[in-house]
Amino acid sequence: MCSRSDQWSVLGGRWSAVSVMTAVALLLLGCERENRRFSENPPTASPTASALVVSQLQPGPAVVRPQVEAPYDDNAWAVSEGKMLFNAMNCSGCHFQGGGGIGPPLMDAEWIYGSEPDQVFSSIADGRPNGMPAWKYKLSTQQIWELVSYVRSLSSLIPKGARNGRDDHMMTKPPESSTPQTKPKMASTPPEDD
Amino acid sequence: MARGPRCVEHARRASRRVASGILAVAVAGCAGSQNVLDPAGPPNRSVNHLFWAMLIVSSIIWVAVVVAALWALISRRRRTREDLEPVVIVPNERHRREVGIVTGLVGATVVILLLFLVYDFTVGRALAERPSRTLTIELIGHQWWWEVHYIDPDPSKLMVDANELHIPAGEPVQVKLSSQDVIHSFWVPNIIGKRDLIPGYTSSLFLDADKPGVYHAQCAEFCGLEHAKMALPVIVHSRADFTAWLAEARSPAAEPSDSSAAEGKKIFLAGTCSSCHAVTGVEAYGTIGPNLTHIGSRRTIAAGTLPNTRGNLGGWIVDPQSIKPGARMPSNQLAGKDLRNLIDYLETLK
Amino acid sequence: MLARGRTRCAHHCWRGIVAIAVATTLLASCKGDREREPTRLALVARPGPATTGGDTTARFSDDGQWVRPGKDFQGTRFSGLTEINNQNVQNLRAVATFSLGTTRGVEAAPIVSGTTMYIVTPFPNFVYALDLTQPGLPTKWTYKPRPVNASQGVACCDVVNRGLVVDNGKVIFNTLDGRTIALDAATGKELWITQVGNINIGESVTMAPLVVKGRVIVGVSGGEFGIRGWLKGLDENSGNVAWTAYHTGPDKDVLIGPNFKPFYKSDTAKDLGVNSWPPDQWKIGGAGVWGWVTYDPELDLIYYGTSNPGPWNPEVRPGDNKWSATLFARRPETGEAIWAYQLSPHDQHDYDAVNEDILVDMPWKGQRRKVLLRPDRNGYFYVIDRQTGEVLSAEPFGFINTTTGVDLKTGRLQYNPEKATRTGETVLYSCPAAPGAKDWQPSAYSPRTGLVYIPHQNLCMDEEGVEPNYIAGTPYVGTNVKMYAGPGGHRGLFDAWDPVGQHVVWSIKEDLPVWSGALVTAGDVAFYGTMDGWFKAVDARTGKPLWQFKTGSGIISQPMTYRGPDGKQYIAVLSGVGGWSGAIVAGGLDARDSSAALGFVNAMKDLPKKSTKGGMLYVFAL
């Protein structure tokens, strides 16, 4: 009996250590995804706000602009808040659930004004000439960033873990978490040299 | 080695002290605005009576049973030293008496339980009665606030309010419950028990209060991060007061008279407020947040979280996340003067 | 013996002669009937001379013009020209084309006045004047109104324009950003511009104006944006607004005065435009006007209907919601309301009442009556007395399960409670779908056949109510919709309806919704276009297809016919798919989201394969 318990304790010790480490690793992975950052004010655009360009065309040799991070692309809670805002602020009235209508579709790979986070931020905050209203006086910066991540999730440009699953409404399309990622067209980064 | 009379006396005194202490605490908890033991209406009162009747009768029986059990233990103990005779079951008089006692007690129990059953049934039947003509109120639950509609067959008399429920005393009010997002539950302990607000479904209950006052209702079904801060003051008016209140509440918001409130109204309309909030009579028709037509006369803000004072209102507008993290209301960076004007305007919305 | 034989022979012969004579007579009369397939003995409306009243002088004589989309004030879209008829229409060929320079849905009718053809395009609302005297129809002038680009963001159903009007040497039309513009018809110079709509509160203008007695009648679009709908009468010479009639609010705003005499009791109480709504809800209650206005010169009344109430979700607005989905009769000079009838009280399914009211005089139960004929969104073909507003008949012309009928005693539409739209619930298989059994696409009436030629659709939908939020300038709908083909699987129909017998006489099923207008001529030919670009001519009496031509893009415009400067008859139509039904192509929408374009995308997933964008004028002749 003694030896078995020794065996068990040895096994238990080893296994428990492994399982504890695995659990910790998984928890750490989920940390950012589930982090609720309720009151914060991310900057209006990246630290290099002046890096925003909307056109793919630059005269002369192109400058590769710095990568802009969206503060909430990894944050599932923020993306679900983005979805709530998308419906509450009537974005779905023109864009529906990404298929488009009065406004262009947001779930396809075509981005008229660019798919990068700061470009999408500008589309929402500044509006666009052919009918997109300007929301900068009506939404806080944090809310617009949440919308940016949600809009990008409609064409699955953000990590799968952060995208929304099914909701309790009439299902009109597969949830974003089941949609495969698309490569955005009309991205602002110039094509690489062959 | 039997317990001396003084020991027994001491035990009795001690137990009496404990009992009276418990009673004192219980009685102290019997008053208050969020207290099921302080009924404010006939149905709750009858439930209370049932409760107390059952409690008292059961307590007496319980005490008697405990005493009998203790006595059995003690007396048995006293006897075993001397009586080591084998137990012989002989159907004699003593045995018959014992059987008689047991039968009698069982019979008494059945009778008492039957009486309880009948009493419970009659109270239940009375509660389940549907009064014919009643005021109807629709209560719609949101995360984490209450939307209140005062219904009238004439649609132009519909009144929308939030985070406060006003009802008249002395008449049953039908409250229709539904939810916009997750399951909530409406519970006003002084008046009625819990009823869930279920999305996609309308349930109903009847509130019947006869004691005017302010009572505290609470969301009683976990509904998210701020479930604990989803309270609802229920204000019971006398019939006359209620009619006056409803007539006043139906009128649209008055035009602000002083300049700071007028400035505040401009900020309200042009800024972020009108996208989510509505004020009757003004070009604000938002339905995402509570209707603010009567914010100035509410006792609390943020669904019972804070008393409605200038400071609290200002703090709520500027940084709601520090008060109720996760609430839908975003922070609004307003300059001091703008904030003061806005609060001045909101205070005029009585 | 011979005598007896001769007598017998004569008797037989005499019988034979009579038989032959009778047979010949019968055969002779049969010849006339050969054109009509004897499917039913339909009692056809025989309107008699000048049924279209006012405009034309002799029976079916026609000046060969087409100065407004409806052709005449009565909106018959009937031409008296007979050169092209059901015997020779198969020889029709394209003789001229003109590119509009646009890629959105083209809903307008080409207009011909004198020797010039005028066309207004979808956004950006170019106006072209084409010289019909020269081969190839060169442009005489072009006008570019430059509507505000942002107005594209407040047009619910593609940035269309339903046509212009020529009157008194002026070309008058509306722009998407809410301006009514009058140009000199000869030179294209601006005469006046009046701003009537405000895009910041969701208003836009897509309708074709009507000019009556010096008043330009203009209405507003935006039932999906929570506008407060109105109809205005502008002075034709100055452009100043002479009157504005709102369709919600107190009676004085609705221009309901002492002469207002609705036929039904439920339309009579005071200030119904306020009392049939929750407080303040009428201010964002929709009820615009973006469809057809017709006019009776004898009675001096204009007839038109109002759009859906806003939002689509009815739980937010208990009450009848007057005066949404209501047919009005008003005086054109003052806008004063004379009678009104609410076709769909407390509408639950976006059944706008903006469809055309064709004015005819026809026999009804033994009497000749002045009626209007209206195939409505809610699926009923109404025959309404246009003097009083009494509903004489309302029979379904499509499959309906959202309502069970119209109670002719009270005039009230009877709703099916199972199909009511509720917040948080999805109701399946509601028919007709939101575009109705027929949307704006106008039908035509032939006084020769007495039939109404109805282009329409067969669609059903699933609807889910959600809580709507009002933010000015953004959509205010509150319903998720998914549409699909109705029973039978065909999404479109071109029907000939007998308004007196109240039934279909012949019907042509089409795969795609028939979203174009109808044209019918005295040559007994009816024309319509399909959304994959086929422009079709059918026999007006039998429905037999006679001719078709494949245009470059789907047809959702209104075909018309005119007599050219050379005396020949021409047929003209514009192609260019779009509109609400063609939004998937016009907007490049994604078919994976079945709620896109208010649910229409789901019903039109195959359209991108069948039509591309474009905008072109086609003119045909023999």
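The values are calculated or read from the model by the stated rules, or taken from the named source; none is laboratory data. Everything numeric here is computed off the predicted structure, so don't read it as measured data. Heads up, the Cβs are rebuilt from the backbone with ideal geometry, glycines too, and the neighbour counts pull from every protein chain shown. Keep in mind that these areas ignore ligands, DNA and RNA; they rest on the heavy atoms of the full protein, side chains included. Shrake-Rupley method; radii C 1.70, N 1.55, O 1.52, S 1.80 Å.
Of all residues in the range A:119-139, those that are within 13 Å of chain C (Cβ to nearest Cβ) and either small (Gly, Ala, Ser) or in contact with a strand residue (DSSP E or B) (Cβ under 7 Å, 6 or more places away or on another chain) (or both) total 4. Scanning the range C:450-467 for residues that are part of a loop (DSSP other than H, G, I, E, B) and open to solvent by less than 10 Å² (accessible area, probe 1.4 Å) returns a single hit, C:GLY450.
Out of all the residues in the range C:414-426, is one or more open to solvent by less than 30 Å² (accessible area, probe 1.4 Å) and part of a strand (DSSP E or B)? Within the range C:414-426, none of the residues are open to solvent by less than 30 Å² (accessible area, probe 1.4 Å) and part of a strand (DSSP E or B).
Listed conditions (1) closer than 16 Å to C:PHE263 by Cα; (2) away from every other protein chain (no Cβ under 14 Å); (3) open to solvent by less than 10 Å² (accessible area, probe 1.4 Å) are all met by C:GLN387, apart from (3). For the structure I just gave you, tell me whether A:GLY131 is closer than 22 Å to B:SER274 by Cβ, in contact with a Cys (Cβ under 9 Å, 6 or more places away or on another chain) and open to solvent by less than 30 Å² (accessible area, probe 1.4 Å). Against the criterion (closer than 22 Å to B:SER274 by Cβ, in contact with a Cys (Cβ under 9 Å, 6 or more places away or on another chain) and open to solvent by less than 30 Å² (accessible area, probe 1.4 Å)), A:GLY131 qualifies. Filtered by the rule that a residue be within 14 Å of another protein chain (Cβ to nearest Cβ) and over 22 Å from C:PRO318 (Cα atoms), the range B:145-180 gives a lone residue, B:TRP145. Only residues that are touching a residue at least 40 places away in the same chain (Cβ under 8 Å) and of a type outside the set (S, T, N, Q) were counted in the range C:403-435, giving 14.
Considered as a group, the residues in the range C:427-449 that are part of a loop (DSSP other than H, G, I, E, B) and among the hydroxyl-bearing types (Ser, Thr, Tyr) include one that is farthest from A:ASP168 (Cα to Cα), and that residue is C:THR449.
Scanning the range B:278-296 for residues that are more than 10 Å from chain C (Cβ to nearest Cβ) and crowded, with 21+ Cβ neighbours inside 10 Å gives B:PRO290, B:ASN291, B:LEU292, B:HIS294, B:ILE295.
Of all residues in the range C:115-152, those being in contact (Cβ under 8 Å) with a residue 60 or more places away in the chain and either within 14 Å of chain A (Cβ to nearest Cβ) or assigned to a loop (DSSP other than H, G, I, E, B) (or both) number 6. Does B:VAL318 satisfy the condition of being of a type in the set (Val, Ile, Thr), more than 9 Å from every other protein chain (Cβ to nearest Cβ) and over 24 Å from the mean Cα position of the chain (by Cα)? Criteria met by B:VAL318.
Just to check your reading of the model, which residue among B:GLY315, B:GLY304 is open to solvent by less than 40 Å² (accessible area, probe 1.4 Å), in contact with a strand residue (DSSP E or B) (Cβ under 9 Å, 6 or more places away or on another chain) and within 19 Å of B:HIS216 (Cα to Cα)?
Details: B:GLY315 fails: within 19 Å of B:HIS216 (Cα to Cα).
After applying the criteria, what remains is B:GLY304.
For the range C:74-89, the criterion of being open to solvent by 10 Å² or more (accessible area, probe 1.4 Å) and in a helix (DSSP H, G or I) is met by no residue.
Looking across the range C:244-279 at every residue that is open to solvent by less than 30 Å² (accessible area, probe 1.4 Å) and of a type in the set (Val, Ile, Thr), the one that is farthest from B:ALA284 (Cα to Cα) is identified as C:ILE256.
Would you check if C:LEU574 is within 23 Å of C:TYR445 (Cβ to Cβ), out of contact with any Pro (no Cβ under 6 Å at 6 or more places or on another chain) and aliphatic (A, V, I, L, M)? Before you say what the answer is, go through the steps one by one.
On the way: within 23 Å of C:TYR445 (Cβ to Cβ): yes; out of contact with any Pro (no Cβ under 6 Å at 6 or more places or on another chain): yes; aliphatic (A, V, I, L, M): yes.
Yes.
The helices (runs of 4 or more DSSP H) falling completely within the range A:85-194 that include 1 or more residues that are farther than 23 Å from C:ARG592 by Cα map to A:117-126, A:141-154.
The condition of being surrounded by fewer than 22 Cβ atoms within 10 Å (Cβ to Cβ) and under 21 Å from B:ASP241 (Cα atoms) holds for only one of B:ILE183, B:ILE137, B:ILE167, that being B:ILE137.
Screening the range C:565-622 for helices (runs of 4 or more DSSP H) wholly inside it with 2 or more residues that are more than 14 Å from chain A (Cβ to nearest Cβ) returns the ranges C:607-610.
Residues that are of a type outside the set (A, V, I, L, M) and more than 16 Å from A:PHE86 (Cα to Cα) were ranked within the range A:157-172; the one that is nearest to the other protein chains (Cβ to nearest Cβ) is A:LYS160. The residues in the range C:468-485 that are in a strand (DSSP E or B) and among the polar types (S, T, N, Q) can be counted, and the count is 2. Quick one: would you say C:TYR382 is among the aromatic types (Phe, Trp, Tyr) and assigned to a loop (DSSP other than H, G, I, E, B)? So C:TYR382 does not fit the description; no.
Comparison of C:LYS365, C:LYS322, C:LYS370 shows that the only residue that is charged (D, E, K, R) and within 16 Å of C:GLY229 (Cα to Cα) is C:LYS322. Exactly one residue among B:LEU177, B:LEU205 is over 19 Å from B:VAL36 (Cα atoms) and aliphatic (A, V, I, L, M), and that residue is B:LEU177.
Which fully enclosed strands (runs of 3 or more DSSP E) of the range B:188-271 have 3 or more residues being open to solvent by 40 Å² or more (accessible area, probe 1.4 Å) and more than 14 Å from chain C (Cβ to nearest Cβ)?
By residue number, B:192-197.
Each residue in the range B:282-333 was checked for being of a type in the set (A, V, I, L, M, F, W, C), closer than 17 Å to A:MET89 by Cα and out of contact with any Pro (no Cβ under 9 Å at 6 or more places or on another chain), and 2 pass.
For the range A:59-87, what are the residues that are surrounded by 13 or more Cβ atoms within 10 Å (Cβ to Cβ) and farther than 25 Å from A:GLU34 by Cβ? Answer for the range A:59-87, where residues must be surrounded by 13 or more Cβ atoms within 10 Å (Cβ to Cβ) and farther than 25 Å from A:GLU34 by Cβ: A:ALA62, A:ARG65. Out of (1) of a type in the set (A, V, I, L, M); (2) open to solvent by less than 10 Å² (accessible area, probe 1.4 Å); (3) within 21 Å of the chain's Cα centre (by Cα), what's the single condition that is false for C:VAL166? With (1) of a type in the set (A, V, I, L, M); (2) open to solvent by less than 10 Å² (accessible area, probe 1.4 Å); (3) within 21 Å of the chain's Cα centre (by Cα) applied to C:VAL166, the lone miss is (2).
Report yes if C:TRP282 is within 14 Å of chain B (Cβ to nearest Cβ), open to solvent by 10 Å² or more (accessible area, probe 1.4 Å) and under 29 Å from C:VAL212 (Cβ atoms), otherwise no. In short, yes.
Matching residues to (1) closer than 21 Å to C:SER581 by Cβ; (2) open to solvent by 10 Å² or more (accessible area, probe 1.4 Å); (3) not in a loop (DSSP other than H, G, I, E, B):
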| residue | (1), (2), (3) |
| --- | --- |
| C:PRO487 | yes, yes, no |
| C:VAL504 | no, yes, yes |
| C:TRP515 | yes, no, no |
| C:PHE527 | yes, no, yes |
| C:SER557 | yes, no, no |
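Checking every residue in the range B:328-339 against the condition of being surrounded by fewer than 16 Cβ atoms within 10 Å (Cβ to Cβ), within 14 Å of another protein chain (Cβ to nearest Cβ) and touching a Phe, Trp or Tyr at 6+ places or on another chain (Cβ under 9 Å) gives zero matches.
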